[in-house]
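Notes follow the structure.
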Amino acid sequence: MIYIKTAQQIEKIRKSSRLAAQSLDLAGQHLKPGITTGDLDKIIHQFLVENGATPATLGYKGPRGAPPFPGASCISVNDVVVHGIPGPLVIMEGDLVKIDVTARLDSYFGDTARTFLVGSVPEPGPLLARTTQEAMILGIEQIKAGARLGDIGHAIQTHTEARGFSVVRAFVGHGVGIEFHEAPNVPHFGRPGTGYRIKSGMIFTVEPMINAGDSEVELLDDGWTVITADGSLSSQFEHSVLVTASGYEILTLS
Ligand code: MF3
Ligand code: CO
Ligand code: CO
């Protein structure tokens, strides 16, 4: 079932979304060589709690027998695509670091991720990160009542492949707000004019994962960490977006 959010629900999801975005601002300020991903996760956790929220990822149910997710954020470095578990890993100059936070505030959810470049990053890192952010924005710009999900995916895929990069197929965007993961699935590839017709009042994420090499991914034995199969770099950006009659509103702005 796809929720059409009421004005009151939208206002609450705006708040959780803004808080998630602010936690990424804060994490970005602390992201320097020498800090561990576990330290960054503590900073995010404390910020959310201080602001009356909880991290929705902490204790999130694992797929197929994986343990509950142990972090307040997902921190995925270099060839880790998504769902990196924060821990003792030390951030180094040249790393490409994806941080993904989902805040639960007043029982409403906001979900956002960014790719950060640590110091001077060799190519293709900077081009990959820039292309991923551009692809996300181009996808979001397709959003308005009556548009199709395939329009979003097509815009993302076209921009990505024009640069010689590839769109990860194994994970997709999702409805968000009343639950952490709601219908519909929002693929980051597709054909224009196909797929579900979106409606005003829907809120969903657009969160392309773009690989420098092949689109295939692998799951590590911890049950969470997803890496590129070919060892290439991966980037992700994510916004939670409200569909309006005339277009869209990005909710995960700080
Ligand atoms: N925030 C991720 C998303 O964009 C989901 C993370 S689930 C976790 O949908 F359990 F890995 F944290
Ligand atoms: Co998401
Ligand atoms: Co997310």
Flag if Ala155 is aliphatic (A, V, I, L, M), within 16 Å of ligand 3 (Cβ to nearest atom) and either surrounded by fewer than 18 Cβ atoms within 10 Å (Cβ to Cβ) or farther than 24 Å from Ala229 by Cβ (or both): no
Some residue of region 155-165 being closer than 26 Å to Met1 by Cα and out of contact with any His (no Cβ under 8 Å at 6 or more places or on another chain): yes
Test: residue in region 167-181 that is touching a Gly at 6+ places or on another chain (Cβ under 7 Å) and of a type outside the set (Val, Ile, Thr): no
Hits in region 228-254 - residues which are touching a Ser or Thr at 6+ places or on another chain (Cβ under 8 Å), crowded, with 21+ Cβ neighbours inside 10 Å and either farther than 17 Å from Glu134 by Cα or without any contact (Cβ under 8 Å) to a residue 60 or more places away in the chain (or both): Thr228, Val243, Leu251
Region 73-87 residues that are of a type in the set (Asp, Glu), paired with ones that are more than 16 Å from ligand 2 (Cβ to nearest atom) (beta carbon under 8 Å, 6 or more apart): Asp79/Ile227; Asp79/Thr228; Asp79/Gly231; Asp79/Ser232; Asp79/Leu233
Test: residue in region 21-43 that is within 16 Å of ligand 3 (Cβ to nearest atom) and either closer than 24 Å to Pro184 by Cβ or modelled with pLDDT under 95 (or both): yes
Of the criteria (1) surrounded by fewer than 24 Cβ atoms within 10 Å (Cβ to Cβ); (2) within 12 Å of ligand 3 (Cβ to nearest atom), which one Asp106 fails: (2)
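For region 186-224, which positions are under 19 Å from Thr132 (Cβ atoms) and under 16 Å from the mean Cα position of the chain (by Cα)?
Narrowing region 186-224 to residues under 19 Å from Thr132 (Cβ atoms): 186-190, 204-217.
Selection gives Val186, Pro187, His188, Phe189, Phe204, Thr205, Val206, Glu207, Pro208, Met209, Ile210, Asn211.
If I filter region 46-98 down to residues being among the hydroxyl-bearing types (Ser, Thr, Tyr) and within 16 Å of ligand 2 (Cβ to nearest atom), which single residue comes out as nearest to Asp214 (Cα to Cα)? Before the answer, list the steps.
Step one: filter region 46-98 for residues among the hydroxyl-bearing types (Ser, Thr, Tyr), giving 54, 57, 60, 73, 76.
Filter once more, keeping what is within 16 Å of ligand 2 (Cβ to nearest atom): 57, 60, 73, 76.
Details: Thr57: 28, Tyr60: 29, Ser73: 26, Ser76: 18 Å.
The residue in question is Ser76.
The values are calculated or read from the model by the stated rules, or taken from the named source; none is laboratory data. What you are looking at is a predicted structure, and each value in this text was computed from that prediction instead of being measured. Glycine gets a Cβ as well: all are built from the backbone with ideal geometry, and neighbour counts include every protein chain shown.
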